[in-house]
Amino acid sequence: MSPSLWNTASLCFLLVWLFSLHSIAVFLFSDGFLLRRTALSNTSNCSNRRQWQEAVSSKQCWMDKRFDKIVIVIIDSLRLDFALFDERLPQLHTPHYRNKLPIIHELLSSSPEENDAHIFRFIADPPTTTMQRLKGLTTGSLPTFIDAGNNFASSAIAEDNWVTLARDNGLTSVMLGDDTWLSLFPQHFIREFGYNPFDVKDLHTVDNGVLKDLFTELKKPDWNVLLAHFEGVDHVGHRFGPSHPEMASKLSQMDGVLRDVVDLLDSSTLMIVMGDHGMTPSGDHGGDSIDEMNAALFAYSKQQRLWPQAKNCCHLAAILVRLF
């Protein structure tokens, strides 16, 4: 064989070897890291109650119902420390994201004879993108990284979830805010006010849209579940980061919103305020860092002594079971 033919054959062999090596690496990565999961078609029903018999009264399917209504306020990217209040922080040197939701501290500090309030560390499983977190919050399942590519094109959830259970058990729901909910749960709400959340430079359109109808809806008697999903905090994080005066302004706006919501609650209504995930010091999310996974979950009711003294919460379903 001539030297030129030998060099050509060697080059072809090298290219084939590199292509094969690359293909094997891509296969191993996608098979091991981009895990897929099987969506189960089973749904909850009263025949599954055997393990709960000791905690269930004679007429209830699961646990005894304690509330007639629930208001779920999702403040997108509400990291845990955004919701905490530290009186020791000097006012002039307090970070822009700290001590801006004093309503939570005030309700936690109020007399237990007047109401009941608890704040929990909510661990958001990665990937910490909104669509995957909403899937996890509503189904109890773990999201996968391969789903992250669908964050901008959500499809309807077919597996068991509490939104569908509420509808199938005769409860009515209203949704305001991030229209990802409408893609995941089409035809589940008696009224819906959805807004596109993907223009992260727009700090106010989604939030102002929610506020336009929120308090009117709260006063209506025909709903059991009201979802209000605000996006401003998340958008401020993406555009400026949490350590910016705009974050202080947006969190202060949310503080005012929560005060107005609390004023409209009665003793048969539970309020949940939560983040779907946190954010990094630069304002991003999607990964598995502590800042991205640590979110806040605040539960409040004007009833007395509803919750055990606990600091961590494993899943929203543990609270929602009190409604259904």
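The values are calculated or read from the model by the stated rules, or taken from the named source; none is laboratory data. Everything numeric here is computed off the predicted structure, so don't read it as measured data. Cβ atoms come from the backbone with ideal geometry, glycine included; neighbour counts cover every protein chain shown. Protein only, heavy atoms only, side chains kept; ligands, DNA and RNA dropped before computing areas. Shrake-Rupley method; radii C 1.70, N 1.55, O 1.52, S 1.80 Å.
Specify which of the listed residues (Leu101, Leu108, Leu134) is crowded, with 21+ Cβ neighbours inside 10 Å, of a type outside the set (Lys, Arg) and farther than 25 Å from Glu246 by Cα.
Working: Leu101 fails: farther than 25 Å from Glu246 by Cα; Leu108 fails: crowded, with 21+ Cβ neighbours inside 10 Å.
It is Leu134.
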With the requirement that a residue be within 27 Å of Leu165 (Cβ to Cβ) and either out of contact with any strand residue (DSSP E or B) (no Cβ under 8 Å at 6 or more places or on another chain) or free of Cβ contacts under 8 Å to residues at least 12 places away in the same chain (or both), what does region 186-219 give you?
Pro186, Gln187, Thr216, Lys219
Regarding Asn312, is this residue modelled with pLDDT under 95 and either among the aliphatic types (A, V, I, L, M) or open to solvent by 10 Å² or more (accessible area, probe 1.4 Å) (or both)?
yes
Restricting the search to region 75-94, which residues are assigned to a loop (DSSP other than H, G, I, E, B), farther than 19 Å from Ser109 by Cβ and open to solvent by less than 30 Å² (accessible area, probe 1.4 Å)?
Asp76, Ser77, Leu78
State all residues of region 192-207 that are open to solvent by 50 Å² or more (accessible area, probe 1.4 Å) and among the β-branched types (Val, Ile, Thr); if no residue qualifies, say none.
Val200, Thr205
Picked from region 275-299 (must be open to solvent by less than 10 Å² (accessible area, probe 1.4 Å), in contact with a strand residue (DSSP E or B) (Cβ under 8 Å, 6 or more places away or on another chain) and not hydrophobic (A, V, I, L, M, F, W, C)), the residue farthest from Pro127 (Cα to Cα) is Gly275
Among the numbered conditions (1) out of contact with any His (no Cβ under 9 Å at 6 or more places or on another chain); (2) open to solvent by 30 Å² or more (accessible area, probe 1.4 Å); (3) at pLDDT 95 or above, tell me where Asp168 comes up short.
(3)
Every residue from region 155-185 that is under 18 Å from Ile75 (Cα atoms) and without any contact (Cβ under 8 Å) to a residue 60 or more places away in the chain:
Val174, Met175, Leu176, Asp179, Thr180, Trp181, Leu182
Taking region 85-103, which residues are modelled with pLDDT under 95 and either under 16 Å from the mean Cα position of the chain (by Cα) or aliphatic (A, V, I, L, M) (or both)?
Leu89, Leu92
What number of residues within region 116-145 satisfy the criterion of being in contact (Cβ under 8 Å) with a residue 60 or more places away in the chain and among the basic types (Lys, Arg)?
2
